[in-house]
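Engineer: First the structure, then my questions, so here it is.
The values are calculated or read from the model by the stated rules, or taken from the named source; none is laboratory data. What you are looking at is a predicted structure, and each value in this text was computed from that prediction instead of being measured. Using ideal geometry, Cβ is built from the backbone for each residue, glycine included, and neighbour counts are taken over all protein chains shown.
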Amino acid sequence: MNKLELHWKILIGMGAGILFGFLMSSFSWGYEFVLNWIAPFGTIFIRLLRLIAIPLILVSLIKGVSDLKDISAFKNIGLRTIVIYIVTTCLAITIGLILVNIIKPGKGLSEETIQELTETYAGDSTITTNIEQAEHQESGKPLDFLVDIVPDNIFGAMSNNQLMLQVIFFAILFGISMLMIDPEKSKPLAKLFDSLNHVILKMVNIIMMIAPYAVFALLAQIIVSSNDSEILLKLLNYVITVLLGLLIMIGVYLIILYLFTGRKPRWFIKGIAPAQLLAFSTSSSAATLPVTMERVTNKLGVDHEVSSFVLPVGATINMDGTSLYQAVAAVFIAQALHIPLDFMDQLTIVLTALLASIGSAAVPGAGMIMLVIVLESIGIPADKMAIGLALIFAVDRPLDMCRTVVNITGDSMVSVIVANSLGKIHDPEKGSEHDNKYVSE
Ligand code: ASP
């Protein structure tokens, strides 16, 4: 076990967790046992990752921006990142729409199944809360999203993981201001942030030591809490459509990566595999962020100046997996409920899914909340909303796990592309000081 690379250790932990979950499901006391004695270790791990996320963003972004030669370098990174994020998200939605229109998973759903799913899930508190939350988000003014990026109290922003964009805003402003003052005056601060950055990365390393055990707990919990497999079979066509789309999206990333940087898919996947596995186990891009940043910077060799901006921003606004899922789910629900969609409706889905994925928080289940907005935009009536969500609710968690993998893979791919285009990527083969620590544990 000592010589094994981290991603293998995590994979073994995941496999063992799944087996253990199934084993426990066969005992009447198994569910309670896993929830009381195993699940807390997974929760502790997620809390540790979330604990580190805000300090990491703050410190590494301030260091990243203030390390730049001038502000125009930052503009370069920013502009490229946002443009590529929007393009890849539109691509993801288009792939989802093409697949769902070809496979038509909603057409095959029998009235009986719709009835059964509606009766079982339409009244579920998660669904009603999701609809309420989406409505709350929608009721604001059009420019609220801009206002929301600007914090009025940095400590307030730092105390809430959902306000990551506000912390990013503060860090960029701080970093730019450091660039604009006399270098002699900013030097002590630059040294301080550099040192803090090292300490925080070391904290990520320490937390990652328990990753293989934590994923065991997380997966065992998911298995004992999962719905019966019969429902999964009934929704198989829908599940396959989403999974196929996500798989194609990963393929698209690898092709883009190869075309634009000449780098091999194997190098990329090997570099970020532990982050992908954690995204799968936690269903949260935000919780995975510290590991994504560590891997992309230290293993893929992306310059800190690029990764410290591209990845936190990506975790909050770039969700290709989520947007693809939202497009498929919206059309699937319309097909199942016999609501016809014309070309304009599909175009509306592209636009709203783009905005909805930007607005989705990087936490488990967030994509489903914002799906309500996509459904509303194509005219799913309010009384059918709960039914629509009930149709996809039973399989949302496994799909969430998979779309989160795509979300963080997209962010990582864009980091490499942006870094490469600006000559800010180092020799990836050298690995890193941090990585060696994992191997030698
Ligand atoms: N769980 C996803 C993420 O954190 C968001 C979602 O699609 O629900 O990236």
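Engineer: Please work out which one of (1) at negative phi; (2) surrounded by 11 or more Cβ atoms within 10 Å (Cβ to Cβ) is the condition Lys104 fails and give its number.
Structural biologist: Going through (1) at negative phi; (2) surrounded by 11 or more Cβ atoms within 10 Å (Cβ to Cβ) one by one, Lys104 breaks only (1).
Engineer: How many of the residues making up segment 152-189 are hydroxyl-bearing (Ser, Thr, Tyr) and without any contact (Cβ under 8 Å) to a residue 24 or more places away in the chain?
Structural biologist: The initial filter retains those residues of segment 152-189 that are hydroxyl-bearing (Ser, Thr, Tyr), namely 159, 177, 186.
Checking which are without any contact (Cβ under 8 Å) to a residue 24 or more places away in the chain leaves us with 159, 177.
Total satisfying the criteria: 2.
Engineer: With the structure loaded, tell me whether Ile378 is among the aliphatic types (A, V, I, L, M) and either surrounded by fewer than 21 Cβ atoms within 10 Å (Cβ to Cβ) or within 16 Å of the ligand (Cβ to nearest atom) (or both) or whether it fails that test.
Structural biologist: Numbers: among the aliphatic types (A, V, I, L, M): yes; either surrounded by fewer than 21 Cβ atoms within 10 Å (Cβ to Cβ) or within 16 Å of the ligand (Cβ to nearest atom) (or both): yes.
Considered against the rule, which asks whether it is among the aliphatic types (A, V, I, L, M) and either surrounded by fewer than 21 Cβ atoms within 10 Å (Cβ to Cβ) or within 16 Å of the ligand (Cβ to nearest atom) (or both), Ile378 comes out as yes.
Engineer: Is at least one residue of segment 40-60 outside any helix (DSSP H, G or I) and either in contact with a helix residue (DSSP H, G or I) (Cβ under 9 Å, 6 or more places away or on another chain) or not polar (S, T, N, Q) (or both)?
Structural biologist: Start the filter on segment 40-60 by keeping residues that are outside any helix (DSSP H, G or I), which leaves none.
Scanning segment 40-60 turns up no residue that is outside any helix (DSSP H, G or I) and either in contact with a helix residue (DSSP H, G or I) (Cβ under 9 Å, 6 or more places away or on another chain) or not polar (S, T, N, Q) (or both).
Engineer: Name the residue that is nearest to the ligand (Cβ to nearest atom), counting only residues in segment 381-405 that are part of a loop (DSSP other than H, G, I, E, B) and in contact with a helix residue (DSSP H, G or I) (Cβ under 9 Å, 6 or more places away or on another chain). Please lay out each step first, then the result.
Structural biologist: Residues of segment 381-405 part of a loop (DSSP other than H, G, I, E, B): 381, 394-395.
Of the ones still in play, those that are also in contact with a helix residue (DSSP H, G or I) (Cβ under 9 Å, 6 or more places away or on another chain) are 394-395.
On the way: Ala394: 15, Val395: 13 Å.
This residue is Val395.
Engineer: Of a type outside the set (Gly, Ala, Ser) and surrounded by 24 or more Cβ atoms within 10 Å (Cβ to Cβ) - does that describe any residue in segment 255-269?
Structural biologist: Our first condition is that a residue be of a type outside the set (Gly, Ala, Ser); within segment 255-269, this holds for 255-261, 263-269.
Subset that is surrounded by 24 or more Cβ atoms within 10 Å (Cβ to Cβ): none.
No, because not a single residue in segment 255-269 is of a type outside the set (Gly, Ala, Ser) and surrounded by 24 or more Cβ atoms within 10 Å (Cβ to Cβ).
Engineer: Being outside any helix (DSSP H, G or I) and either in contact with a Phe, Trp or Tyr (Cβ under 6 Å, 6 or more places away or on another chain) or under 17 Å from Gly367 (Cβ atoms) (or both) is the filter here; which residues of segment 86-115 pass it? Write out each step before concluding.
Structural biologist: Taking segment 86-115 as the starting set, the residues that turn out to be outside any helix (DSSP H, G or I) are 104-110.
Correct list: Pro105, Gly106.
Engineer: Residues of segment 406-425 being out of contact with any Lys or Arg (no Cβ under 6 Å at 6 or more places or on another chain), more than 16 Å from the ligand (Cβ to nearest atom), aliphatic (A, V, I, L, M) and modelled with pLDDT of 95 or more, which ones?
Structural biologist: Val416, Ile417, Ala419
Engineer: Going through segment 316-332 one residue at a time, which ones are within 16 Å of the ligand (Cβ to nearest atom), assigned to a helix (DSSP H, G or I) and modelled with pLDDT of 95 or more? Reasoning before the result, please.
Structural biologist: The first filter runs over segment 316-332 and keeps only residues within 16 Å of the ligand (Cβ to nearest atom), leaving 316-330, 332.
Restricting the remaining residues to those that are assigned to a helix (DSSP H, G or I) gives 316-317, 320-330, 332.
Passing the criteria: Asp320, Gly321, Thr322, Ser323, Leu324, Tyr325, Gln326, Ala327, Val328, Ala329, Ala330, Phe332.
Engineer: Next question. Kindly check whether there is at least one residue in segment 266-273 that is within 16 Å of the ligand (Cβ to nearest atom) and in contact with a Ser or Thr (Cβ under 6 Å, 6 or more places away or on another chain). Give the derivation first.
Structural biologist: Filtering segment 266-273 for residues within 16 Å of the ligand (Cβ to nearest atom) gives 272.
Retained after the next criterion (residues that are in contact with a Ser or Thr (Cβ under 6 Å, 6 or more places away or on another chain)): 272.
The answer is yes, given that some residue of segment 266-273 is within 16 Å of the ligand (Cβ to nearest atom) and in contact with a Ser or Thr (Cβ under 6 Å, 6 or more places away or on another chain).
Engineer: Moving on to the next point. Being over 22 Å from Leu6 (Cβ atoms), of a type in the set (S, T, N, Q) and without any contact (Cβ under 8 Å) to a residue 60 or more places away in the chain narrows it down to one residue among Thr316, Thr348, Thr322; which is it?
Structural biologist: Working: Thr316 fails: without any contact (Cβ under 8 Å) to a residue 60 or more places away in the chain; Thr322 fails: without any contact (Cβ under 8 Å) to a residue 60 or more places away in the chain.
Among Thr316, Thr348, Thr322, only Thr348 is over 22 Å from Leu6 (Cβ atoms), of a type in the set (S, T, N, Q) and without any contact (Cβ under 8 Å) to a residue 60 or more places away in the chain.
Engineer: If a residue has to be surrounded by fewer than 18 Cβ atoms within 10 Å (Cβ to Cβ) and either over 15 Å from the mean Cα position of the chain (by Cα) or more than 10 Å from the ligand (Cβ to nearest atom) (or both) to count, how many in segment 351-375 make the cut?
Structural biologist: Residues flagged as surrounded by fewer than 18 Cβ atoms within 10 Å (Cβ to Cβ) and either over 15 Å from the mean Cα position of the chain (by Cα) or more than 10 Å from the ligand (Cβ to nearest atom) (or both) within segment 351-375 amount to 2.
Engineer: Checking the condition more than 16 Å from the ligand (Cβ to nearest atom), in a helix (DSSP H, G or I) and either small (Gly, Ala, Ser) or closer than 24 Å to Asn197 by Cα (or both), which residue from Gly245, Gly251 passes? Working first, answer last.
Structural biologist: On the way: Gly245 fails: more than 16 Å from the ligand (Cβ to nearest atom).
From the options Gly245, Gly251, the qualifying one is Gly251.
Engineer: Only one of Glu230, Glu294 is more than 16 Å from the ligand (Cβ to nearest atom), of a type in the set (Asp, Glu) and either under 16 Å from the mean Cα position of the chain (by Cα) or at pLDDT 95 or above (or both). Can you tell me which? Outline the logic, then answer.
Structural biologist: On the way: Glu230 fails: either under 16 Å from the mean Cα position of the chain (by Cα) or at pLDDT 95 or above (or both).
That would be Glu294, the only listed residue that is more than 16 Å from the ligand (Cβ to nearest atom), of a type in the set (Asp, Glu) and either under 16 Å from the mean Cα position of the chain (by Cα) or at pLDDT 95 or above (or both).
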